[in-house]
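The values are calculated or read from the model by the stated rules, or taken from the named source; none is laboratory data. Note that the structure is a prediction, hence the values are computed from the model and not measured. Cβ coordinates were reconstructed from backbone atoms using ideal geometry, including for glycine residues, and neighbour counts include every protein chain displayed. Keep in mind that these areas ignore ligands, DNA and RNA; they rest on the heavy atoms of the full protein, side chains included. Shrake-Rupley method; radii C 1.70, N 1.55, O 1.52, S 1.80 Å.
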Amino acid sequence: MSSYAVVDPSTGRTVKEYASLSDSGLRERLDRAAEAQRAWGRASSVADRAALLSRVGELYTERREELARIISREMGKPVAQGLGEVDFCAAIYQYYAENAEAFLADEPVDVVWGEGTAVVRRAPLGTLLGIMPWNYPYYQVARFAAPNLMIGNTILLKHAAQCPESAAAIERIFLDAGYPAGAYTNLYATYGQVDKVIEDPRVRGVSVTGSERVGALIAEAAGRNLKKVVLELGGSDPFLLLSTDDLDATVEAALAARFYENAGQICCGAKRFIVTEGLYDAFLEKMTAALARTRPGDPSSQDTLLGPVSSTASAEYLEDQLRRAVAGGATVALGGKRDGAFFEPTVLVDISPENEAAKEEFFGPFAHVYRVTSEEEAIAIANDTPYGLGSYVFTTDPEQARRVADQVEAGMVYVNVVGAEEPGLPFGGVKQSGFGRELGRFGVEEFVNRKLIRVAG
């Protein structure tokens, strides 16, 4: 049986299975990607590539309803949230289409010794491999594919095994937009075949979004083969509440940053809520009261806010994490029960630094709430994690906001705002959350040959 299958997490029913890629099929796709990179990626103009990206964005918009329904079946995302993901993807492709000429313009460099000129010209590296996860089946791909197709790199994409239908839909969009065969190629590949792709000298870089374990394995293989790699891995993002003049609005922001998207299955979603002592009791009361009214529901319904987690196995793992957290001394303030792949919103308190739950990522509708007595203690707890992806700081004191933002060990800090991601803002982390950046100008710089051209006077 193929490992690629659509299994509806809300019912546990296998909707459709997809054949895995044969070794000969893999060789054909590698050859096609390399040929497309030579004949199209290096020969096409920036304007031509921008026009193709623009058409991709249009097709995402035209097919948004169908695309949202696909990922609802695959990984349980409520349809309304799926529409938002598709719309964000359309914006990303349009962003790179509109900025292609500026991002790829020659950059003059001052010549100090001798006569003449020097410029840095951004050229494609070659064919790239992307390994993408299930929690944002379209968005994660867009972050990687859009800037690199703009550059003229070609893409081989191994999607998560539970996302074969959306993987095929993405490839279809690129072909229908007018890309040549091989410019973007979907691979129903095994991890053994992934190693073969990384070993191929025509593949010049690898981008991974996923778990630490997968990231480490892929980075090791890439390193052995001298390939550039970008890693976007897990996160246990802190939400520091130091002061507020509107607690209700702040609680709503906290809920949005954790529970109101993807059943909490968000790498950069707030997971640890670190609340100053004077606000702690009221914050916890308001958070649990709101969550007590939030029940998991059918992801195909437009009214559903909280769907299932991605699979029964994922829910069982969360259940095991919860059991170990409680055994380590944590208290369940709300929730804690599951039904198949549906998990109640769950709030944990009394988590000591020694409890392994304090260092783990809970990838689901869970919140950890901490009481602190000072800014210094809040920062210490925020940084007491192996991860460093995103973070949130809420305070009415602008000086404190700047001070704390400087001290939080994370790739991204959002001050007094959630849900403020944009195509032009860089995305990425530090520590065990990985390295490299996606989106904006920074996403262009990861897999590009910054070629110096020095001309005599």
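Which one of these is under 30 Å from Glu66 (Cα atoms), touching a residue at least 24 places away in the same chain (Cβ under 8 Å) and of a type in the set (Val, Ile, Thr): Thr304, Thr346, Thr288? On inspection, the qualifying residue turns out to be Thr304. Of everything listed in (1) within 28 Å of Ile70 (Cα to Cα); (2) of a type in the set (Val, Ile, Thr); (3) assigned to a strand (DSSP E or B), the single unmet condition for Val275 is (1). Going residue by residue through region 92-109, is there one that turns out to be assigned to a strand (DSSP E or B), among the hydroxyl-bearing types (Ser, Thr, Tyr), on the phi < 0 side of the Ramachandran plot and touching a helix residue (DSSP H, G or I) at 6+ places or on another chain (Cβ under 9 Å)? For region 92-109, residues assigned to a strand (DSSP E or B), among the hydroxyl-bearing types (Ser, Thr, Tyr), on the phi < 0 side of the Ramachandran plot and touching a helix residue (DSSP H, G or I) at 6+ places or on another chain (Cβ under 9 Å): absent. If you go through region 187-227 and keep only what is over 22 Å from the mean Cα position of the chain (by Cα), in a helix (DSSP H, G or I) and more than 24 Å from Glu171 (Cα to Cα), you end up with Gly223, Arg224. With respect to the conditions (1) surrounded by 22 or more Cβ atoms within 10 Å (Cβ to Cβ); (2) closer than 16 Å to Met132 by Cβ; (3) hydroxyl-bearing (Ser, Thr, Tyr), Tyr188 falls short on a single one, namely (1).
Would you confirm whether any residue within region 234-249 is assigned to a helix (DSSP H, G or I), of a type in the set (Phe, Trp, Tyr) and within 17 Å of Ala378 (Cβ to Cβ)? No, every residue in region 234-249 fails to be assigned to a helix (DSSP H, G or I), of a type in the set (Phe, Trp, Tyr) and within 17 Å of Ala378 (Cβ to Cβ).
Looking across region 263-304, the residues that are farther than 14 Å from Phe394 by Cα and touching a Pro at 6+ places or on another chain (Cβ under 6 Å) come down to Ala263, Gly264, Leu291, Thr294, Pro299, Thr304. Number of residues in region 329-343 that are open to solvent by 40 Å² or more (accessible area, probe 1.4 Å) and either over 17 Å from Glu285 (Cα atoms) or in contact (Cβ under 8 Å) with a residue 60 or more places away in the chain (or both) equals 5.
Just to be sure, is Ala68 free of Cβ contacts under 8 Å to residues at least 24 places away in the same chain and either over 30 Å from Arg122 (Cα atoms) or among the β-branched types (Val, Ile, Thr) (or both)? Full working, then the answer.
On the way: free of Cβ contacts under 8 Å to residues at least 24 places away in the same chain: yes; either over 30 Å from Arg122 (Cα atoms) or among the β-branched types (Val, Ile, Thr) (or both): yes.
Against the criterion (free of Cβ contacts under 8 Å to residues at least 24 places away in the same chain and either over 30 Å from Arg122 (Cα atoms) or among the β-branched types (Val, Ile, Thr) (or both)), Ala68 qualifies.
Is it the case that some residue within region 210-224 is within 25 Å of Glu446 (Cβ to Cβ), of a type in the set (Ser, Thr, Tyr) and open to solvent by less than 10 Å² (accessible area, probe 1.4 Å)? Reasoning before the result, please.
Quick first cut of region 210-224, residues within 25 Å of Glu446 (Cβ to Cβ) only: 210-224.
From what is left, the residues that are of a type in the set (Ser, Thr, Tyr) are 211.
Then drop every residue that is not open to solvent by less than 10 Å² (accessible area, probe 1.4 Å), which leaves none.
Checked against the condition, which is being within 25 Å of Glu446 (Cβ to Cβ), of a type in the set (Ser, Thr, Tyr) and open to solvent by less than 10 Å² (accessible area, probe 1.4 Å), region 210-224 yields no hits at all.
For region 404-420, a tally of residues being at negative phi, open to solvent by 60 Å² or more (accessible area, probe 1.4 Å) and in contact (Cβ under 8 Å) with a residue 24 or more places away in the chain returns 2.
One line per residue, one yes/no per condition, for (1) over 24 Å from the mean Cα position of the chain (by Cα); (2) surrounded by 21 or more Cβ atoms within 10 Å (Cβ to Cβ); (3) in a loop (DSSP other than H, G, I, E, B):
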position: Lys16; (1), (2), (3): yes, no, no
position: Ser24; (1), (2), (3): yes, no, no
position: Arg27; (1), (2), (3): yes, no, no
position: Asp31; (1), (2), (3): yes, no, no
position: Glu35; (1), (2), (3): yes, no, no
position: Arg38; (1), (2), (3): yes, no, no
position: Asp48; (1), (2), (3): yes, no, no
position: Val56; (1), (2), (3): no, yes, no
position: Phe88; (1), (2), (3): no, no, no
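Can you name the helices (runs of 4 or more DSSP H) wholly within region 299-417 that have at least 1 residues being within 21 Å of Gln265 (Cβ to Cβ)? Write out each step before concluding.
On the way: elements: 312-327, 375-383, 398-407.
Output list reads 312-327.
Just one of the listed residues (Gly205, Gly178) is touching a residue at least 12 places away in the same chain (Cβ under 8 Å) and buried (at least 21 other Cβ atoms within 10 Å of the Cβ), and it is Gly205. In region 92-120, the residues that are open to solvent by 50 Å² or more (accessible area, probe 1.4 Å) reach residues that are modelled with pLDDT under 95 with C-beta atoms within less than 6 angstrom, at least six apart or across chains, in these pairs: Glu115/Gly457. Right, Gly443: open to solvent by less than 40 Å² (accessible area, probe 1.4 Å), closer than 28 Å to Ala90 by Cα and not in a loop (DSSP other than H, G, I, E, B) or not? Judged against the criteria, Gly443 is a match. Of the residues that sit in region 58-86 and are within 19 Å of the chain's Cα centre (by Cα) and among the hydroxyl-bearing types (Ser, Thr, Tyr), which one is surrounded by the fewest Cβ atoms within 10 Å (Cβ to Cβ)? Checking each candidate, the answer is Ser72.
Report, by residue number, each residue of region 244-267 that is touching a strand residue (DSSP E or B) at 6+ places or on another chain (Cβ under 9 Å) and on the phi > 0 side of the Ramachandran plot. Hits for region 244-267 are Ala263, Gly264. Within region 422-440, the residues that satisfy the criterion of being closer than 25 Å to Ile218 by Cβ and touching a residue at least 60 places away in the same chain (Cβ under 8 Å) are Phe427, Gly428, Gly429, Gln432, Ser433, Gly434, Phe435, Gly436, Arg437, Glu438, Leu439. Can you go through Leu233, Leu255, Leu247, Leu284 and tell me which one is crowded, with 19+ Cβ neighbours inside 10 Å, modelled with pLDDT of 95 or more, in contact with a helix residue (DSSP H, G or I) (Cβ under 9 Å, 6 or more places away or on another chain) and more than 24 Å from Arg143 (Cα to Cα)? Only one candidate passes the filter, namely Leu255. Being touching a Phe, Trp or Tyr at 6+ places or on another chain (Cβ under 7 Å) and in contact (Cβ under 8 Å) with a residue 60 or more places away in the chain holds for only one residue in Leu53, Leu59, Leu30, and it is Leu53.
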